[in-house]
1. Which residues, taken from the range 357-386, are in a strand (DSSP E or B), in contact (Cβ under 8 Å) with a residue 60 or more places away in the chain and within 30 Å of the chain's Cα centre (by Cα)?
2. Hey, among 456, 452, 508, which residue is under 30 Å from residue 54 (Cα atoms) and in contact with a helix residue (DSSP H, G or I) (Cβ under 8 Å, 6 or more places away or on another chain)?
3. Please go through the range 36-61 and pick out each residue that is touching a helix residue (DSSP H, G or I) at 6+ places or on another chain (Cβ under 8 Å) and outside any helix (DSSP H, G or I).
4. Tell me, yes or no, whether the range 24-33 has at least one residue that is loosely packed, with under 15 Cβ neighbours inside 10 Å and modelled with pLDDT of 80 or more.
5. Being in contact (Cβ under 8 Å) with a residue 12 or more places away in the chain and either over 30 Å from residue 145 (Cβ atoms) or surrounded by fewer than 17 Cβ atoms within 10 Å (Cβ to Cβ) (or both): is that true of residue 205 here?
6. Which of the residues spanning the range 122-155 are closer than 17 Å to residue 201 by Cβ and more than 29 Å from the chain's Cα centre (by Cα)?
7. Considering every residue within the range 245-260, establish whether at least one is more than 30 Å from residue 391 (Cβ to Cβ), at pLDDT 85 or above, part of a loop (DSSP other than H, G, I, E, B) and not assigned by TED's automatic domain parsing to the domain that holds residue 540.
8. Going through 195, 143 one at a time, which residue ends up being assigned to a helix (DSSP H, G or I) and either touching a helix residue (DSSP H, G or I) at 6+ places or on another chain (Cβ under 8 Å) or surrounded by fewer than 19 Cβ atoms within 10 Å (Cβ to Cβ) (or both)?
């Protein structure tokens with residue numbers, strides 16, 4: 001490949017750096033003025049033109065900026081401001097409609113005034129909502145009435161009148177109030193929390209500066225090209241750079257915004273959240289508190305950047321998070337967790353090994369397991385010429401040599417939740433399992449294709465191999481898994497990978513506009529696309545396992561295919577390569593043995609129950625606003641949870657105390673997917689012998 005500094009990661013926004021006092025986030029040193037008109041900085045005119053030029057010239061998609069694209073940018077910006085259709089009324093949209101097919105011309109001219117005008121109306125509508133909430137919370141709700149609330153308004157139309165909007169908000173606030181009352185709050189405590197929640201959000205929006213609005217609008221523009229093309233404001237740019245240096249100080253989580261919620265997009269391997277086991281992908285963070293006894297700040301409705309200001313902090317300090325677990329239903333009570341912030345070191349993200357002993361068909365198998373959280377390399381040490389610098393390939397090579405001494409019967413490489421990393425490491429790691437040949441093909445926007453080869457002709461491990469994947473395995477993980485599959489070098493087990501088959505490059509906008517001393521941020525732009533050695537792209541489709549395990553995450557809701565602007569799948573000419581074997585002839589037998597095993601496997605049924613519960617909670621679109629009905633639903637959910645936990649505790653041989661809540665220790669939790677992968681690999685070994 002050409003010498004570009006390319007890091008292939010699914011998630012880029014890390015919770016890191018130093019904490020700010022909540023008061024600093026909510027009370028910046030300038031006046032709060034609902035009617036204040038914010039105008040764009042003169043610099044933004046030129047920056048917007050440069051971004052427009054870069055996207056037109058260098059983005060892989062080569063998409064023409066015209067009226068059609070203008071319409072999509074317009075919708076994206078409206079959605080960024082009011083994605084749940086709770087602030088604007090239809091007359092506002094009718095008034096904004098004049099801009100729908102003009103944004104392309106505005107961007108070419110560097111005219112971004114329309115974005116600021118629309119934001120001003122949004123800010124005004126938000127002020128009106130706050131006044132209505134104030135009046136609404138003066139009186140206690142009647143929670144004995146049979147009413148319902150639908151939190152998801154994605155497919156709903158815009159309210160035609162303020163009265164119609166009032167009714168939507170009345171139901172929303174009533175639901176908020178009912179959640180708090182069911183958690184034990186009295187009416188005064190409930191109204192105080194809700195007033196503070198929405199007034200805090202109002203303050204944050206009122207404190208938006210020209211840079212915030214510019215970033216919001218520019219990302220509405222960049223995101224129509226593809227989901228991984230972003231504009232980073234100077235502040236966001238620093239967060240990104242810290243993450244890429246793998247010098248994180250905080251809880252070790254990546255976050256995204258989903259409607260009014262701050263959602264955990266990923267857990268950084270080796271970080272405090274990962275070690276604690278208390279926070280997981282798709283959990284919603286709804287409150288943040290500092291230390292053992294700091295006030296819990298409600299962050300529902302906050303921008304993710306503002307939420308990060310509260311969550312991140314110095315090593316050794318405690319942050320308390322109020323979370324809604326991904327598996328919980330919309331009406332379930334939140335959970336409070338406590339995490340000690342730490343500095344996340346590279347070695348804590350390194351490959352780790354263990355031995356898995358499996359009994360299958362009356363025979364014992366010793367399998368070596370390598371857990372690989374990311375494709376890492378210590379660039380700094382490598383550049384300094386340190387002969388012992390850490391890297392994925394070096395660490396895995398050492399583990400494989402250790403496995404040889406231990407005389408393992410097979411190796412399992414666990415890439416679950418591996419969001420990517422260094423492309424070069426993915427190529428070199430593949431080389432440990434093949435003699436030589438192509439590993440991945442890369443095509444740029446000029447349709448030029450490069451074939452990246454295994455640089456080392458030696459094979460470190462040539463024995464039975466299985467690679468585990470899931471929906472959170474992305475980018476570099478997919479390149480490695482695809483190559484192993486295409487060469488017939490090993491089995492791919494688990495669930496379908498994410499489907500990120502694109503390469504991004506960072507452009508420092510100060511280099512494009514060197515005449516200014518003001519920091520301008522960066523543009524992350526998609527410049528290339530990955531293809532398997534067979535010619536099929538990993539984009540959108542990801543890597544399909546040879547033997548699939550059930551997953552709670554569907555392609556429609558999570559993964560590249562869930563993104564409207566994702567680049568399409570396509571195919572190019574196959575590279576020249578020679579497969580090592582045809583493992584597909586064993587698939588029917590392996591599938592049959594797997595299905596026979598799981599029929600009566602209690603751990604498999606536990607996993608199916610979890611997936612079923614997750615899907616039921618996710619599919620619940622309407623909530624009752626009747627207190628007795630909601631309480632009955634919540635009590636029944638608690639009974640079901642206790643029963644399930646007791647079944648698991650009994651299976652694990654744990655003592656059950658009826659007076660205490662059943663809690664299975666983390667050390668006792670078994671990994672069904674890993675054990676079953678070991679059994680499938682054992683089946684393959686037996687089939688080859690037979």
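The values are calculated or read from the model by the stated rules, or taken from the named source; none is laboratory data. Here the structure is a predicted model, which is why all the values come from computation and not from measurement. For neighbour counting, all protein chains shown are included, and Cβ atoms are generated from backbone atoms with ideal geometry for every residue, glycine included.
1. Our first condition is that a residue be in a strand (DSSP E or B); within the range 357-386, this holds for 357-360, 363-371, 375, 377.
This time we only want the ones that are in contact (Cβ under 8 Å) with a residue 60 or more places away in the chain, so: 358, 360, 363, 365, 367, 369, 375.
Passing the criteria: 369, 375.
2. Values: 456 fails: under 30 Å from residue 54 (Cα atoms); 508 fails: in contact with a helix residue (DSSP H, G or I) (Cβ under 8 Å, 6 or more places away or on another chain).
Result of the check over 456, 452, 508: 452.
3. Residues satisfying the conditions are 36, 37, 38, 39, 40, 41.
4. No, the conditions are met nowhere in the range 24-33.
5. yes
6. Residues satisfying the conditions are 124, 125, 127, 128, 129, 130, 131, 132, 133, 134, 136, 137.
7. Here is the first cut: in the range 245-260, the residues more than 30 Å from residue 391 (Cβ to Cβ) are 257-260.
Right, trim to at pLDDT 85 or above and you get none.
No; the residues of the range 245-260 include none that is more than 30 Å from residue 391 (Cβ to Cβ), at pLDDT 85 or above, part of a loop (DSSP other than H, G, I, E, B) and not assigned by TED's automatic domain parsing to the domain that holds residue 540.
8. 195
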